[in-house]
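The values are calculated or read from the model by the stated rules, or taken from the named source; none is laboratory data. Please read these numbers as outputs of a predicted model, since none were measured by experiment. Cβ: placed from backbone, ideal geometry, glycine included. Neighbour counts: every protein chain shown. Just the protein is used for accessible areas: all its heavy atoms, side chains included, with ligands, DNA and RNA removed. Shrake-Rupley method; radii C 1.70, N 1.55, O 1.52, S 1.80 Å.
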Amino acid sequence: MKKLVLLIFVHLLFAHTGFSQNQEGLSPKQFIEDLEYLKSELPKRHTNLFAKISEKEFHSKIAAIELKSPGLTNESFEIELYKLFRGIGDEHTRLEPTYREVFPLKFDFFREGIFVTHTASAYAGLLGKRLDGIENTSTKALIGQFEKMINTENPAYFDTYFQHLVAQPRVLKGLRVTPADESAHFLLDDTPYAVSAVKKENLSLDVSAPLLKNSQPDNYWYRLTDNGEVLYFNYQNCAEQTGKPFEDFNNDLWQVIDSQKPKKIIVDLRNNSGGNSGILNPFLDHLRDSYLNQKGRLYVLIGKSTFSSALMNAVNLKRNFQSVLVGQATSGNVNHYGETRGFQLPNSRVTVGYSTRYWEVWKGYEGALKPDVKIEYSIKNFSAGIDEAIEYVRSQK
C-alpha cells in the first residue's frame with residue numbers, strides 16, 4: 001500500500017493552469033487543425049486511450065465534429081470536445097479550459113433538488129434557493145444537455161462536474177442556454193434573478209450556511225467539539241500549505257489528542273479533490289498505533305468531491321484502519337487511470353488532460369468508493385447549519 005499514498009496527481013479540474021485563452025473567433029480550418037492534432041497526440045501520450053472506446057469510434061467522433069466546423073464558435077467547439085471526452089470514459093482524461101469569468105453561484109444536489117450552497121455577498125439572498133432553470137431552459141433540460149457532456153456511469157462524478165460547469169458562462173453560451181457570457185437569468189424558486197459574471201480572480205463565495213466544514217479555508221485544520229469528546233480533522237487539500245507545514249500541524253494535532261483524549265476522531269475528506277496522497281502519511285503513522293484506531297472511534301467522511309489522491313487516502317483508511325466511512329459515494333472510481341499530464345491544442349489553446357498510468361488501488365473493486373453509512377443531505381438541515389454526517393457520528397455511542 002505504500003505506493004498508493006506516495007502517488008502525486010496533477011489535479012486539473014478545479015486548479016487549472018493559466019494561459020491566454022484565444023478570444024478571437026477561430027476559423028473552421030483552425031478547428032480542424034486542433035482536432036487533427038488531438039487525434040494524433042492523445043493516443044500517443046495516453047497510457048491506454050482505447051480501453052473503453054475503439055480507435056475507429058474515436059476517429060469517427062472527431063470526423064463528426066470536423067463536419068460541424070463551419071457552424072462552430074469557440075464556445076460550441078469546447079462543448080463538442082466535452083462530448084468527445086465523455087466517450088473516452090476516463091475520469092482523468094478530459095477537457096481543461098481556463099474560465100476567466102464565472103457566475104458567483106455554487107450549487108449542490110440535495111434530496112429535494114439542486115440548491116445554491118455558496119454565493120457572493122451581493123447575492124446573499126439567493127442562498128438556499130432551488131435551481132429551476134436558466135433563461136428559458138429548465139433544470140431537467142439542463143441536466144439532459146450536460147449528460148451528453150459528462151460521464152454518467154458514476155452519478156457522483158456527474159453531479160460534481162455539473163455543479164462546476166453550470167456556473168461557467170462560456171459553457172452556458174456554448175450550449176446556447178444563454179445568448180452571451182456576461183450575465184444570465186437564473187430561475188431560483190420559480191423566480192428569475194439576473195446574475196452577472198465576475199472575473200475569476202475577484203470571485204469570493206463567502207456566503208454559505210454556518211456549517212463546521214466550511215468554517216475555515218485552510219488545507220487542513222482541526223477543532224475539538226462536543227465538550228472535547230470529538231476531534232474533527234478537516235483535510236481539504238492534499239497539499240502543503242504555505243507557512244503551515246503539515247508535519248508541524250500534525251504534531252500539534254496529536255499533542256492535543258494525547259492531552260485531551262477525545263473519544264472519537266472524524267477525518268473529513270468530503271471537500272478534498274486531490275493532490276499529493278503522501279502528505280497525509282505523518283497523520284496515518286500516528287493513527288496506526290493510536291487508541292482512536294478502533295471501530296466506533298474512527299470515522300472518515302467521504303462525498304462527491306472526494307477524488308484522486310484524497311480518494312486513495314480514503315481507501316487506505318478503509319482497508320488498513322478500523323474506520324467507518326460515512327457520507328456519499330466518491331466522484332472518483334477506486335481503480336482508475338490517472339497520474340495526469342496535459343498539452344494544449346494549437347489554436348484554441350485549450351488544455352487537454354490525459355492519464356499516463358493505471359492504478360489498481362483495490363483489486364477487484366468496481367466503481368466509486370461507497371460509504372458504510374450513506375447520508376442523504378437535506379437542504380432544510382443545510383440551511384439550518386446541521387451537518388447530517390457529523391450528527392450521525394455524534395449519535396454513535
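Here are a few things to note about the model shown:
- One Cα centroid belongs to region 253-270, the other to region 296-322; the line between them spans 16 Å.
- In the chain, the inverse of the mean reciprocal separation of distinct Cα atoms equals 22.2 Å; this is its Kirkwood hydrodynamic radius.
- Carbon + sulfur, % of accessible area of region 101-192 - ligands and nucleic acids excluded, 1.4 Å: 49 percent
- Per residue, the Cα convex hull of region 272-376 amounts to 113 Å³.
- Other-chain or far-sequence residues with amide H under 5 Å of F110's (modelled H): F115
- Per-residue [θ]222 nm for the chain (sum of -39500 (n - 2.57) over DSSP H runs n ≥ 4, rounded to 500): -9500 deg cm²/dmol
- Spatial offset of region 114-134 relative to region 179-233 amounts to 10 Å, using the alpha carbon center of each.
- If you wrap region 239-327 in the convex hull of its Cα atoms and look at it from every side, the mean projected area works out to 5.5 nm².
- Cα lying deepest toward the dipole's positive end in the chain, options L298, G327, Y37, charges on Cβ: L298
- Accessible surface for region 80-119, divided over its residues, is 26 Å² per residue with a 1.4 Å probe.
- Whole-number D in µm²/s for region 310-368 (Stokes-Einstein; Kirkwood sum over Cα pairs; 4 °C, 1.567 mPa s): 96 µm²/s
- Convex hull volume of the Cα atoms of region 197-239, normalised per residue: 84 Å³.
- Among beta bridges that DSSP assigns inside the chain, antiparallel share in %, nearest 5: 70 percent
- Three principal axis lengths of region 165-237 [C-alpha, angstrom, descending]: 54, 28, 20
- Look at the Cα gyration tensor of region 210-265: its axes a ≥ b ≥ c give a/c of at least 1.5 with a/b at or below b/c, and that counts as oblate.
- A probe of 1.4 angstrom, applied to the heavy atoms of all protein chains, finds E391 with accessible area near 80 square angstrom.
- Rounded to whole Å, the principal axis extents of the Cα atoms in region 94-143 read 31, 29, 22, largest first.
- Rg/Rh for region 188-309 (Cα atoms only, Rh after Kirkwood) is 1.05.
- Residue-normalised accessible area of region 288-373, given per residue in Å² at a 1.4 Å probe: 34 Å²
- Among E153, E33, E201: highest mean-square fluctuation, GNM of the chain, C-alpha pairs under 10 Å: E201
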